[in-house]
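Following: one structure in structure tokens, then a few remarks.
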Amino acid sequence: MWAANPRRPIGEELILMLAITADAATAIRSIIDESPYPAESGLRLSPALDREGGVELALTEAPEEADEVLVDQGVQIFLAPPLAERLDDQLLDAHVEQGGRVAFELLPQ
């Protein structure tokens, strides 16, 4: 589970986790609120099939069986297994582009 601090203790070791900005949390909540999906839905990140190293984002009602589920700022993120470790030092951000389209991007923490 996510906490305000994107680090989770494992024994003596701290492990970084994907974190999200307040803007990303607000955008995800807005997308869910405007969708036909239930409030407990989340954003799923999975490897993009059409481009090497890319990430696809999709609104889903529930995680897939092997997904890692992260919760932060009242939103759920479902990470496909190949991405959980790859994105552990990243920050998910969002902004509204001209025309009202929400754009997400991954940034280093």
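Where nothing but the Cβ of Lys and Arg (+1) and of Asp and Glu (-1) is charged, how large is the charge dipole of the chain around its Cα centre, in debye to the nearest 20?
That gives the chain a dipole magnitude of about 200 debye.
To the nearest 20 debye, what is the magnitude of the charge dipole of segment 18-81 about its Cα centre, counting +1 on the Cβ of each Lys and Arg and -1 on the Cβ of each Asp and Glu?
With only Lys, Arg, Asp and Glu charged at Cβ, the dipole is about 140 debye.
Label-point separation (nm) for SER35 and GLU85, each offset 7 Å from Cα along Cα-to-Cβ?
2.8 nm
May I ask for the angle, rounded to the nearest 10°, between helix 22-33 and the longest principal axis of the chain, with both axes built from Cα atoms and the value confined to 0 to 90°?
50 degrees
Computed from these coordinates, which is Kirkwood radius over Cα pairs in Å: [x] 16.8; [y] 14.4; [z] 15.3?
[y]
Residue separation times 0.36 nm, minus the C-alpha to C-alpha distance between LEU57 and HIS95: what's the value?
Contour length minus Cα-Cα distance gives 12.2 nm.
Values in this text are rule-based calculations from the coordinates and carry no lab data. Keep in mind the model is a prediction, meaning the values are calculated, not measured. Please note: Cβ atoms are built from the backbone with ideal geometry, for glycine as well, and neighbour counts cover all protein chains shown.
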